[in-house]
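The structure appears right after this line, and notes come after that.
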Amino acid sequence: MSSPTPEKPTQRAALEELDIDDDSRPPFLLSLTEVKLLGIAGVGFFLDAYDLFVINPVTTMLQYRLYGGHSLPPHLEGFVKAGANIGSVIGQFAFGYAADALGRKAVYGKELMLIIIATILTLTTPTGSLSPEGALIYLAMFRILLGVGVGGDYPMSATITSDRANLRKRGTMLAYIFSNQGWGSFGASLVFIIVLMCYRHVMEVEGKVSKVDGVWRIVVGVSLIPAFGTLYQRLTLPEAARYKKSQQQARRLADEEYDIDELKKKNEAIVSVPEQPQEPTASASSSDIKTSDSASISAPPPENKTRQIREFVAYFSEWRHFKILLGTCMCWFLLDIAFYGINLNQNVVLQQIGFDGHTGSTAWEKLYRLAVGNIIITALGFVPGYYATILTVERVGRKKIQLMGFLMEAFFLAILAGRFHNLSKPAFIVCFALLQFFFNFGANSTTYIYPAEVFPTRFKAFAHGMSAACGKAGAIISALVFNTLSKKIGTPAILWIFFACSIAGAGFTLLLPEVKMRDADLVYEEEEKEKRRLQRTS
């Protein structure tokens, strides 16, 4: 009975320093400890995708609850759909910075608490007592709060995983985490169908269409189950050994910088008083240096609260580092303009294949066709694309997958834009499914993976948060502009804009290095050593 006692610290230690494991199995075959880590980080990302993509069917259901089946006002529909993405920008910046400055352990789990609170508050939307416009604004405001938590999970889940992953399978681990976006979207579509089937009698036979209000609340509320299930594990996850080492490295480099500054001050003092004897001064300065060295080891200079920001700015003020941040930010921005423009407005695309929710004799039948259309698209292209990335990311490399993904997206977007009104239903389904496939076996996966691998641990979470925030800026633009602009210039013209974004994304990918088997912390340490060497000789 005493044997289970030592297992707890062993399991915690395994989660703390996962990257020491180095076996000969294929990267996509995971150990039990890695599966546990994926369960902790992956469930959160499942929720992120569930909450982000569930809004598409929710807005359609609200048409029947608030507007008698007529379309929502375009500006309010855009605001509701963009709400979570607006909040995500805030969460990505805030949680990204906090994770680097305060530590992953101090922050992880707080973003999930926000998601839980915001989800509960969205369920309280008073559709019966507020005006239709007021109810939509109420929902959108708490979707923004939800987005703060969702946004915080992007840098947190990425850094929590990459801090612990073995170099040989780091990309695979991150791809596994991100694949939960596909399962989250698939889960939202599946839950929508199941709940809708339960309401068939009351909505179709009894004619109580207003009961759709219960459908969307249940669909949204189901996400609370896995959220509560993983909260404790997140709050008690130990700090990663890699993060601890990066903090020690930062203190050591700060001490060396302090010593060099002190040496320069002493040398300047020697030069400014030339009449004093040189030898004693040199001797004294030498002893002072030794004293300073020993003092720096025993009592390092006081921690500056603004050091994290100063070091971040100093690091990215060099073009060799800034161009990588520019690449990760712009690639994610350009990708999400197209990706969210299509996936937050699938009704426009589903209209072409008869699953947009406008065909059918009853409100229930229309909603059911919309649910079936969503799950067809998700199952055909969304989920398979993620697993193609998982199986090939360590063999092919991130850069090649991202370049290929952007170019293949552009190819299928060009077909859809050029033949939007002429493609047969089977051809349209195939093209759209392949577009979704290459979104996910391409830039949608690698834009998440790249910032978690290419930047040193010291700045990784904040840089990942900035990159993700740029992506969400693109998503916000699409959510707010798509409906209005498509009515003015037509959906094919919008798809040509997405085509241009994909080509530009391929161009910005060229700024990025290949990060397969690359340890950004070792690169950073070598760069800092060289910099100190030059400072000492100058």
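The values are calculated or read from the model by the stated rules, or taken from the named source; none is laboratory data. Here the structure is a predicted model, which is why all the values come from computation and not from measurement. Cβ coordinates were reconstructed from backbone atoms using ideal geometry, including for glycine residues, and neighbour counts include every protein chain displayed. Note: areas computed on protein heavy atoms with side chains; ligands, DNA, RNA excluded. Shrake-Rupley method; radii C 1.70, N 1.55, O 1.52, S 1.80 Å.
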**Item:** Residue ID - farthest from residue 58 (Cα to Cα), chosen from residues in the range 131-147 that are in a helix (DSSP H, G or I) and free of Cβ contacts under 8 Å to residues at least 24 places away in the same chain
**Value:** 134
**Prompt:** Which condition breaks for residue 166 when tested against (1) out of contact with any Asp or Glu (no Cβ under 7 Å at 6 or more places or on another chain); (2) surrounded by fewer than 23 Cβ atoms within 10 Å (Cβ to Cβ)?
**Reply:** (1)
**Matching entry among 439, 455, 508 (being farther than 30 Å from residue 55 by Cα, touching a Gly at 6+ places or on another chain (Cβ under 9 Å) and not acidic (Asp, Glu))** = 508
**Prompt:** Do you know which residues across the range 32-47 are open to solvent by 20 Å² or more (accessible area, probe 1.4 Å) and small (Gly, Ala, Ser)?
**Reply:** 39
**Request:** Could you grab the pairs with beta carbons closer than 6 Å, sequence gap of 6+ or different chains, first residue in the range 45-71 and free of Cβ contacts under 8 Å to residues at least 60 places away in the same chain, second one in a helix (DSSP H, G or I) and open to solvent by 10 Å² or more (accessible area, probe 1.4 Å)?
**Result:** 59/77
**Message:** Here's a check for you: in the range 366-401, which residue that is touching a helix residue (DSSP H, G or I) at 6+ places or on another chain (Cβ under 8 Å), of a type in the set (A, V, I, L, M, F, W, C) and under 19 Å from residue 452 (Cα atoms) is surrounded by the fewest Cβ atoms within 10 Å (Cβ to Cβ)?
**Reply:** 390
**Message:** Restricting to the range 416-439, count the residues that are of a type in the set (A, V, I, L, M) and either open to solvent by 50 Å² or more (accessible area, probe 1.4 Å) or touching a His at 6+ places or on another chain (Cβ under 9 Å) (or both).
**Reply:** 2
**Message:** Looking at 50, 64 in this structure, which one is among the hydroxyl-bearing types (Ser, Thr, Tyr), open to solvent by less than 10 Å² (accessible area, probe 1.4 Å), assigned to a helix (DSSP H, G or I) and closer than 23 Å to residue 372 by Cα?
**Reply:** 50
**Message:** Report every pair of residues separated by at least 6 positions or lying on different chains whose Cβ atoms are under 6 Å apart, first residue within the range 234-254 and open to solvent by less than 30 Å² (accessible area, probe 1.4 Å), second in a loop (DSSP other than H, G, I, E, B) and of a type outside the set (Gly, Ala, Ser).
**Reply:** 234/108; 237/108; 240/163; 240/164; 241/17; 243/163
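Yes/no per residue for (1) under 30 Å from residue 433 (Cβ atoms); (2) out of contact with any helix residue (DSSP H, G or I) (no Cβ under 6 Å at 6 or more places or on another chain); (3) outside any helix (DSSP H, G or I); (4) at pLDDT below 95:
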position: 112; (1), (2), (3), (4): no, no, no, yes
position: 129; (1), (2), (3), (4): no, yes, yes, yes
position: 149; (1), (2), (3), (4): no, no, no, yes
position: 157; (1), (2), (3), (4): yes, no, no, yes
position: 160; (1), (2), (3), (4): no, no, no, yes
position: 171; (1), (2), (3), (4): yes, no, no, yes
**Fill in**
Requiring at least 2 residues that are open to solvent by less than 10 Å² (accessible area, probe 1.4 Å) and at pLDDT below 90, the helices (runs of 4 or more DSSP H) wholly within the range 440-538 are 457-489
**Fill in**
(1) closer than 30 Å to residue 211 by Cα; (2) crowded, with 24+ Cβ neighbours inside 10 Å all hold for residue 127 apart from (2)
